[in-house]
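Engineer: Sharing a structure, written as structure tokens. Questions coming.
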Amino acid sequence: MYFQTTFAHIEGNPNLREPQIQAYRKVKEYFEEGNTVPALVNLPTGVGKTGLMAILPYGIAKERVLIITPNTTIRGTVTDSLDPRYEHNFWWNRKVINIPQNLPEVIEYEGNPNALSHAKIVITNIHRLMQHHGSSLLKKVPKDFFDMIIIDEAHHSPANSWVEVEQYFDEAKIVKITGTPFRSDRKEIVAHEVYSYSLGRAMVKGYVKNLVKKEFIPEELTFRVDGIDKELTVDEVLAIKDQDWISRTVAYSPHCSASVVKRSIEIMQEKRNATGVPHKIIAVACSIEHAKEIKQLYEENGCPCSIVHSGMAPDEIEMAQSDYHNDRTHAIVNVGMLGEGYDHPYISIAAIFRPFRSKSAYAQFAGRALRAIPDAKDPSIDNVAHLVYHSALDLEELWDYYKKEQQKAEIIQDLEKSPYKSEDEEDDDDRKEREPSKVDIGIAEQSEEYRFSVDTFIDDENILREYERALEESKIKTDEAVESLKEKGIPITDDLIKLLQGSTFENITKSKRPDLELKELRRELTVFVQERVAEIIMNKGLDPKAPAGEIAIRFGKPRDKEMKLDGFCVKFINDYLRRYIGYPREKWSIEDYRNARPVAEKNLDYLEQRI
């Protein structure tokens, strides 16, 4: 019962991020309602998935917890963050657990079952659970060994090996976490989504970098095709070949690649010179030989470059990454080796030298550059990520995914500053490629001319009663903890008593104070309305800062020359909610907020239909 009896400072912890606390609460509520279908949480790369995995078991699980990762790279990253032997472990670093003896026992399962019974948390990758392996965890423990299973990068979970795990541990609470809620094979993730945090909002909050595309567009692009004596234009090639052929040819063209190499170096140098932060380039190639060519291009242009691919020995890969991490090289070219789970804080330029046909693979690669730089000297420079690639790689459709999130971020940011709110609403506090045997390509040539497209509610009597009761329970628990420590012969000091008082007080008051719950519900409703309004305006192709004018009249509202469209939409929903609840929002109860959510959803759908 460790996870039920150990205090973890989650609610109200200023060292945790908004989406971590909100996702924790939603998962907890979901399982408290008796649901047995796996819960799905969608957090963008860089927002804090590992931290969420660290806090999820507390108050939800009873016995052991299993964390499953899709590969050893991610397993190593998760284990490093959750290793209680080191001061940087997430619980201690974020003050979730402030008594060292209360940190959980964690093991990394690699086939030896001897230590399993001593662990509170077991971390492994999916390959250690496959039934056909003799060391499979499914052959070493009973079905009820784990009370909770957390699946990282859950977009892998529809695969057969993952399904076997879910079927074996069929009584465990299963939580699936992903930053990529789509799969290249279009299979759905079997789970009920309980929480999602948009990339646009993560950008607004500064959890991830803003994203900019730099697309190299030559004024003229021609091709040589086997069996044809003359150079062909793009349109002439499309009459005999397909777009994939053009993309592959451009990807393998040294001439085309050189332009992307030069531009990515220029951006890196601009950033380094401006702030002194050691910005880095990560590049992706089509094949091992292609990666070697790209590496050579970087070095010919004065940029020291590492390379990693499946044909290298482990110590060679380790050395290449070490050179990159320690700034001995400024760029690293990879072939399917540095995808999901790979992290280096100073990556801010992602150079693409291969076509992507899968949104999942594209998003995973772009995500390597999205993590915010912790020691940014100038966030407006340091925390901007650049995607650089040749226009003929045909990546526009995939870029639209990020472009929409960027647009949504801009709308949300404006809405958070918007004066157009209901009269009672107040401001809240405030992310192995196979070597082709033979590739059908031609020769691409391009012109030298080119361009780049670039607060408190304590006055309520019920709340006061709950608060006073919480204080009394806190005192009782503190006294019990002191007596327990005395029985164990541990010296009791004033500092220790203060520590215990803080722990028990936070444990009770943070989880039982209705004022905090009211504030959080209010924030959730505000965020939900803003994000839906941003999506509606963006999907309709409307200008959020255009006058509301005719649209306001359509909804029976007076024409207001000063009212902008985005502000009108938010105000329309908020005004309706006030009329529905019957009170200003400052007088809403917890139940009022819960009742308001489905009403807001219904009226946002109505708004979308009529706008």
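The values are calculated or read from the model by the stated rules, or taken from the named source; none is laboratory data. What you see is a predicted model, and the numbers here were worked out from it, not measured in a lab. Because the Cβ atoms are built from the backbone with ideal geometry, glycine has one as well, and the counts that use them run over all protein chains shown.
Engineer: Restricting to segment 350-371, count the residues that are modelled with pLDDT of 80 or more, of a type outside the set (D, E, K, R) and in contact with a Ser or Thr (Cβ under 8 Å, 6 or more places away or on another chain).
Structural biologist: Going through segment 350-371 one residue at a time, the tally reaches 6.
Engineer: Restricting to segment 98-115, name every residue that is under 14 Å from residue 135 (Cα atoms) and polar (S, T, N, Q).
Structural biologist: Listed by number, the residues that qualify are 112, 114.
Engineer: How many residues, within segment 556-593, are loosely packed, with under 12 Cβ neighbours inside 10 Å and within 35 Å of the chain's Cα centre (by Cα)?
Structural biologist: Counting residues in segment 556-593 that are loosely packed, with under 12 Cβ neighbours inside 10 Å and within 35 Å of the chain's Cα centre (by Cα) gives 2.
Engineer: Filter segment 97-118 for residues that are assigned to a loop (DSSP other than H, G, I, E, B), crowded, with 18+ Cβ neighbours inside 10 Å and touching a Lys or Arg at 6+ places or on another chain (Cβ under 8 Å) and give the result.
Structural biologist: Listed by number, the residues that qualify are 104, 109.
Engineer: May I ask you to verify whether residue 63 is touching a helix residue (DSSP H, G or I) at 6+ places or on another chain (Cβ under 7 Å) and acidic (Asp, Glu)?
Structural biologist: It is false that residue 63 is touching a helix residue (DSSP H, G or I) at 6+ places or on another chain (Cβ under 7 Å) and acidic (Asp, Glu).
Engineer: OK, next. Of everything in segment 158-176, what is touching a helix residue (DSSP H, G or I) at 6+ places or on another chain (Cβ under 9 Å) and modelled with pLDDT under 80? Give them in sequence order.
Structural biologist: Within segment 158-176, 159, 161, 162 qualify.
Engineer: Within segment 35-48, is even one residue farther than 25 Å from residue 373 by Cα and under 17 Å from the mean Cα position of the chain (by Cα)? Spell out how you get there, then give the answer.
Structural biologist: Taking segment 35-48 first, the residues farther than 25 Å from residue 373 by Cα are 35-40.
With the extra rule that they be under 17 Å from the mean Cα position of the chain (by Cα), the set shrinks to 39-40.
Yes, because at least one residue in segment 35-48 is farther than 25 Å from residue 373 by Cα and under 17 Å from the mean Cα position of the chain (by Cα).
Engineer: Which of the residues belonging to segment 239-274 are of a type in the set (S, T, N, Q), closer than 15 Å to residue 349 by Cβ and modelled with pLDDT under 85?
Structural biologist: 273
Engineer: Quick one: which residue in 553, 537 is among the aliphatic types (A, V, I, L, M), surrounded by fewer than 19 Cβ atoms within 10 Å (Cβ to Cβ) and at pLDDT 80 or above?
Structural biologist: Answer to the check: 553.
Engineer: Can you tell me which of 258, 285 is closer than 30 Å to residue 70 by Cα and in the same structural domain as residue 388 (by TED's automatic domain parsing)?
Structural biologist: Of the residues listed, the single one that is closer than 30 Å to residue 70 by Cα and in the same structural domain as residue 388 (by TED's automatic domain parsing) is 285.
Engineer: Output the residue which, of all residues in segment 323-349 that are among the small types (Gly, Ala, Ser) and within 18 Å of residue 290 (Cβ to Cβ), is modelled with the lowest pLDDT. Let's see the steps before the verdict.
Structural biologist: Of the residues in segment 323-349, the ones among the small types (Gly, Ala, Ser) are 331, 336, 339, 341, 348.
Next, only the ones that are within 18 Å of residue 290 (Cβ to Cβ) stay: 331, 336, 339.
Values: 331: 96, 336: 79, 339: 61.
Checked segment 323-349; the qualifying residue modelled with the lowest pLDDT is 339.
Engineer: I would also like to ask the following. Of all residues in segment 525-548, how many are basic (Lys, Arg) and over 12 Å from residue 607 (Cβ atoms)?
Structural biologist: Counting residues in segment 525-548 that are basic (Lys, Arg) and over 12 Å from residue 607 (Cβ atoms) gives 1.
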